[in-house]
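Undergrad: To start, I am sharing the structure in question, which I have written as structure tokens.
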Amino acid sequence: MTQMLELTPPSGVVLAEPDAGSAPAGALAGLSAAEVLARRAQGQGNNVALATGRSYQEILRENVFTFINGVLFSIGAVLVALGRVSDAVISVGLVFINVIVSLVQEVRAKRKLDRIALLTRPRATVIRDGRTQEIDPGEIVRGDLLVVHAGDQIVVDGQVVGDGRMDVDESLLTGEADLIVKRAGDPVYSGSFCVTGGATYVAEKVGAASLANQITLGARAFRRVYTPLQREINLVIRVLVLMASFFGILLVTGAIVSDIPLVQSVQMAAVIAGLVPNGLFMAITLAYAIGAVRIATRGALVQQANAVESLSNVDVLCLDKTGTLTANRINLHALYPMGLSEPELRGLLGDYAVSTRDGNRTNDAIVAATTGKPRQVREAVPFSSARKWSALAFDDPALRGVYVLGAPEMLAPAVRIDAEMEARMAAATAEGMRVLLFAYRTDLVPLYDAAEQPQLPAALTPLGVLVFSDELRPEARATLTGFAQAGIKLKIISGDNPHTVAALATQAGLGPDIRVVSGPELAAMDDAQFAQVAEDTTVFGRITPQQKERLVQALRGRGHYVAMIGDGVNDVLSLKQADLGIAMESGSQATRGVADIVLLQDSFAALPAAFQEGQRIRNGMLDIMKLFMTRVLYMALLIVATGIVGPEFPFTPRQSSILVLLTVGIPTLALTVWAQPGAQPRRRGLVRSLLGFVLPAMASLGLVAGGIYLGYFVMNLLALKAANPFVSDAAVFAQILPAARTALITVTVMCGLQLMLFAKPPSATWVGGSPLSGDRRPAWLALALFAVYCLVLVVPALRDMFELAPLALHDFAFVSTVAVLWGLALRYAWRARLLDRFLTVDLS
């Protein structure tokens, strides 16, 4: 448990006296405009920008100052020191270009998202010159009076003043989820939020002194969930780093033992360091940035970079009813008086509603349907999602007694209802209506016990039953049906009556045979029973915020990837526990703060598009990983093979650069943008999904490329020795290596471009290791890149730049024929599933 910091009122802070006529006597008037300006000039403002995404420094650090970049840039510096400036520019320059492209893409995405994020940025309500107004938190100054209601975030540290009362969640600071009662004189801390009630507090610690500067938008600094794809990619990259490190150790050892020149050793080190797929980081970043921008235009703000891709992994979707499944428009549908007339009941309800300090949509619906006068309130219990009731103790000449409004089952211990009214309530619940009971007692009994916890008064007399109607969101049915068809289990979790929720769920298209359970029933279960019911049940009613959180934990504990959609402060705990948290724009600040995705304009319409975008990202990354892994492994195989057989190192940094650029660099950027949605087999790991493609491609390409390299090396060696038996080994290598390496680069470029088509087949001809995409853009790109390589071979200046030798026409034809035959053989191996048969496993 985190130790709570002591908050002492700063000296000299006093509340401004109200100007004449600006507020009633004794009212909190706040600071004047002149005082605000003076305090801001004294440096007492809260002028610390609230982050809406990654900072420019973070983007720069994560794209430039990586481990592999550091290795490559260090190698480049050594090459420059050794006078090999062109080698450094070509080998490290491509990495630098990748970094620049990544930085530009991310900065553009950040700027666009920051503009959209202003829609969900928290606002603060202050009292100045006796009037309330909404301002940006950055405009707060020390001594400001801030007003908070249920669901509002406390944005600076301060102290409660006035006669308000609220229950505050300080779990982000203490780790404890218990609600803390705050009254006049009690400290409040930024990073916490008001759950029930409302109060006014004076700002005492602002700017850098405030915890708001350390906690960005609620829980965002404390919550980072990696998707399965990210975890597996990180694992693959770490394995490749270990492999490159192992080769590096062998290189250093070989250089010492064989006395390899320093320049050659550094060149070999540059090629080995290039085995780590540095461009993969850029591809992931670019995919997430593009996905976030695309979804922003469809009506959803992405607050966590990986959130869109995360959505594609979801197999259980939990959502609240009120404000999520329904349109947050509640109407008082019917009144059933008990022991008094309907006008009398409406009058009492009107007085109760306008006298309630903590506003909520149910109270607003009562105000809209009744007329009443504010009465003198001695004590109040605000509505709570956990209690499901609220109460007011009136001590007014026109109205005296304790009045309670809440869920019938929660008031049942204190109220007796006849069978006829029970039947009416059951019928309304079956139709999907919300039912509340209004009751009272004439004497003023305490509403709080000795521990200042709310207590339900006993022996209440029923006054009437209120029936409210909820309106389903117009897009809810189609959206939920789409998720169900995609194999995603739906869980409706609500604080309302479970049968009311079930009726609305049926209206939303979930079917009449759904299983229903209530919160009290869950409370009586042990952990094993709770987990099984969480798995099997569709509708959960009368659920407390803590039970919502526990339901999400139970589902995740059974191996599900869980998304939670909510809008109220009672959803915050469950949103924080979910793999993916989704909030409505109209939801509370705290809810939007912990969410990974915010649905703008409260529309479900963005979710199907976001789900498809997540699939697009995942499919694109799978295609990209196929190319990266094949390239890394066949290059490693070549390095090992040449080291065993004996010829010189197969690549120079320049040759490796042109190979990587044409077969991986440009294609992966294109495939990231051109990726298409489409379901992948669930619960299959990334590595397993890649094996069926990568192993045959890597092994066959390594054999073909190695055979070409060794064949040209040996043939040229024999021909040169036959022509001049007395030529030195150094002269021999100087003459035959460029030709052998050129043949090797040529065949690997041709095969690598075919791999792009095999990874994303434009037609049935290329279907083997991947399903048909039908997108012909990769084919045109492959032709364009092949033309670029031919241009490099033909133009002497370009050829010399990449240390390639002239290739005779018959040699070019031979290498091309080998590449075509390799493609046909590889396609046959995939279609015949030769690797599956050999390993006796199913990799398809």
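Undergrad: When you go through (1) farther than 30 Å from residue 169 by Cα; (2) part of a strand (DSSP E or B) one by one for residue 438, which number turns out not to apply?
TA: Just one mismatch for residue 438, condition (1).
Undergrad: Report yes if some residue within the range 328-336 is part of a strand (DSSP E or B) and at pLDDT below 80; otherwise report no.
TA: There is at least one residue in the range 328-336 that is part of a strand (DSSP E or B) and at pLDDT below 80.
Undergrad: What number of residues within the range 528-570 are over 23 Å from residue 585 (Cβ atoms) and either in a loop (DSSP other than H, G, I, E, B) or touching a strand residue (DSSP E or B) at 6+ places or on another chain (Cβ under 7 Å) (or both)?
TA: Result for the range 528-570: 16.
Undergrad: Does residue 384 satisfy the condition of being closer than 30 Å to residue 169 by Cβ, open to solvent by less than 20 Å² (accessible area, probe 1.4 Å), in contact with a strand residue (DSSP E or B) (Cβ under 7 Å, 6 or more places away or on another chain) and part of a loop (DSSP other than H, G, I, E, B)?
TA: Criteria met by residue 384.
Undergrad: Restricting attention to the range 484-501, and to residues there that are free of Cβ contacts under 8 Å to residues at least 60 places away in the same chain and either assigned to a loop (DSSP other than H, G, I, E, B) or touching a strand residue (DSSP E or B) at 6+ places or on another chain (Cβ under 7 Å) (or both), which single residue is farthest from residue 539 (Cα to Cα)?
TA: Of everything passing the filter in the range 484-501, 484 is farthest from residue 539 (Cα to Cα).
Undergrad: While we're looking at this one, here's another question. State all residues of the range 340-381 that are modelled with pLDDT of 90 or more, among the charged types (D, E, K, R) and assigned to a helix (DSSP H, G or I); if no residue qualifies, say none.
TA: Scanning the range 340-381 gives 342, 344, 346, 351.
Undergrad: Would you please list the contacts, defined by Cβ atoms under 8 Å and residues six or more apart or on different chains, that run from a residue in the range 712-724 that is of a type in the set (S, T, N, Q) to a residue that is open to solvent by 70 Å² or more (accessible area, probe 1.4 Å)?
TA: Between residues of the range 712-724 that are of a type in the set (S, T, N, Q) and residues that are open to solvent by 70 Å² or more (accessible area, probe 1.4 Å), the close pairs are 716/735.
Undergrad: If residue 644 passes every condition in (1) touching a residue at least 40 places away in the same chain (Cβ under 8 Å); (2) assigned to a helix (DSSP H, G or I); (3) under 18 Å from residue 705 (Cα atoms) but one, which one does it miss?
TA: (1)
Quick grid of which residues meet (1) touching a helix residue (DSSP H, G or I) at 6+ places or on another chain (Cβ under 8 Å); (2) under 28 Å from residue 619 (Cβ atoms); (3) aliphatic (A, V, I, L, M):
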{"site": "766", "(1), (2), (3)": "yes, yes, no"}
{"site": "791", "(1), (2), (3)": "yes, no, yes"}
{"site": "806", "(1), (2), (3)": "yes, no, no"}
{"site": "830", "(1), (2), (3)": "yes, yes, no"}
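Undergrad: Would you please name the residue that is surrounded by the fewest Cβ atoms within 10 Å (Cβ to Cβ), looking only at residues in the range 535-558 that are in contact (Cβ under 8 Å) with a residue 60 or more places away in the chain and β-branched (Val, Ile, Thr)?
TA: Looking at the filtered set, the residue picked out is 544.
Undergrad: Under 6 Å between Cβ atoms, which residue pairs at least 6 apart in sequence (or on different chains) link something in the range 605-622 that is open to solvent by 10 Å² or more (accessible area, probe 1.4 Å) with a partner that is outside any helix (DSSP H, G or I) and among the hydroxyl-bearing types (Ser, Thr, Tyr)?
TA: 615/312; 618/312
Undergrad: Can I ask one more? Would you tally the residues in the range 559-583 being open to solvent by 20 Å² or more (accessible area, probe 1.4 Å) and within 18 Å of residue 227 (Cα to Cα)?
TA: Result for the range 559-583: 4.
Undergrad: Could you pull out the residue among 765, 742, 817, 746 that is of a type in the set (Ser, Thr, Tyr), over 16 Å from residue 700 (Cβ atoms) and surrounded by fewer than 16 Cβ atoms within 10 Å (Cβ to Cβ)?
TA: 765
Undergrad: Would you check if residue 145 is modelled with pLDDT of 90 or more and touching a Leu at 6+ places or on another chain (Cβ under 8 Å)? Talk me through it step by step, then tell me what you get.
TA: Numbers: modelled with pLDDT of 90 or more: yes; touching a Leu at 6+ places or on another chain (Cβ under 8 Å): yes.
Here the answer is yes, as residue 145 does meet what is asked.
Undergrad: Determine if the range 460-470 includes at least one residue that is open to solvent by less than 20 Å² (accessible area, probe 1.4 Å), in contact with a helix residue (DSSP H, G or I) (Cβ under 6 Å, 6 or more places away or on another chain) and farther than 28 Å from residue 392 by Cβ.
TA: Among the residues of the range 460-470, not one is open to solvent by less than 20 Å² (accessible area, probe 1.4 Å), in contact with a helix residue (DSSP H, G or I) (Cβ under 6 Å, 6 or more places away or on another chain) and farther than 28 Å from residue 392 by Cβ, which makes the answer no.
Undergrad: Working only within the range 410-431, note down all residues that are of a type in the set (Gly, Ala, Ser) and open to solvent by less than 30 Å² (accessible area, probe 1.4 Å).
TA: Listed by number, the residues that qualify are 414, 428.
Undergrad: Consider residue 370 against the criteria (1) closer than 27 Å to residue 472 by Cα; (2) among the β-branched types (Val, Ile, Thr); (3) open to solvent by 60 Å² or more (accessible area, probe 1.4 Å): it satisfies all of them except one. Which criterion is unmet?
TA: Checking residue 370 against (1) closer than 27 Å to residue 472 by Cα; (2) among the β-branched types (Val, Ile, Thr); (3) open to solvent by 60 Å² or more (accessible area, probe 1.4 Å), the one that fails is (3).
Undergrad: Output yes when any residue across the range 722-730 is under 19 Å from residue 803 (Cα atoms) and either at pLDDT below 90 or of a type in the set (A, V, I, L, M, F, W, C) (or both), and no when none is.
TA: Yes, the conditions are met somewhere in the range 722-730.
Undergrad: Just checking, does the range 432-455 include any residue being open to solvent by 10 Å² or more (accessible area, probe 1.4 Å), of a type outside the set (Val, Ile, Thr) and over 26 Å from residue 166 (Cβ atoms)? Walk me through it before giving the result.
TA: First, the residues of the range 432-455 that are open to solvent by 10 Å² or more (accessible area, probe 1.4 Å): 433-436, 440-446, 448-455.
Within this subset, residues satisfying the condition of being of a type outside the set (Val, Ile, Thr) are 433-434, 436, 440-441, 443-444, 446, 448-455.
Okay, now just the ones that are also over 26 Å from residue 166 (Cβ atoms), so 433, 443.
Yes: one or more hits.
Undergrad: Which of the following residues is of a type in the set (Ser, Thr, Tyr), in contact (Cβ under 8 Å) with a residue 24 or more places away in the chain and under 29 Å from residue 548 (Cα atoms): 461, 429?
TA: 429
Undergrad: Now a separate question. So in the range 177-202, with the set limited to residues that are more than 18 Å from residue 546 (Cα to Cα) and in a loop (DSSP other than H, G, I, E, B), which one is most open to solvent (accessible area, probe 1.4 Å)?
TA: Among residues in the range 177-202 that are more than 18 Å from residue 546 (Cα to Cα) and in a loop (DSSP other than H, G, I, E, B), the one most open to solvent (accessible area, probe 1.4 Å) is 183.
Undergrad: Mind telling me which of the residues 505, 524 ends up being open to solvent by less than 10 Å² (accessible area, probe 1.4 Å) and closer than 23 Å to residue 408 by Cα?
TA: Result: 505 is the single residue among 505, 524 that is open to solvent by less than 10 Å² (accessible area, probe 1.4 Å) and closer than 23 Å to residue 408 by Cα.
Undergrad: Can you tell me which of (1) of a type in the set (Gly, Ala, Ser); (2) buried (at least 18 other Cβ atoms within 10 Å of the Cβ); (3) closer than 22 Å to residue 360 by Cα is the one residue 586 doesn't meet?
TA: (2)
Undergrad: Please enumerate the residues belonging to the range 392-434 that are among the β-branched types (Val, Ile, Thr) and within 21 Å of residue 456 (Cβ to Cβ).
TA: If the condition is that a residue be among the β-branched types (Val, Ile, Thr) and within 21 Å of residue 456 (Cβ to Cβ), then 402, 404, 415, 417 are the ones that fit.
Undergrad: Also: Considering only the range 214-243, state which residues are modelled with pLDDT under 75, in contact with a helix residue (DSSP H, G or I) (Cβ under 7 Å, 6 or more places away or on another chain) and assigned to a helix (DSSP H, G or I).
TA: Those that are modelled with pLDDT under 75, in contact with a helix residue (DSSP H, G or I) (Cβ under 7 Å, 6 or more places away or on another chain) and assigned to a helix (DSSP H, G or I): 220, 222.
The values are calculated or read from the model by the stated rules, or taken from the named source; none is laboratory data. It should be emphasised that the depicted structure is a prediction, and the values quoted were computed from it without experimental measurement. No Cβ is skipped: glycine too gets one built from the backbone with ideal geometry, and neighbour counts run over all protein chains shown. Ligands, DNA and RNA are stripped out before the accessible areas are found, and what is left, the full protein with its side chains, is counted by its heavy atoms. Shrake-Rupley method; radii C 1.70, N 1.55, O 1.52, S 1.80 Å.
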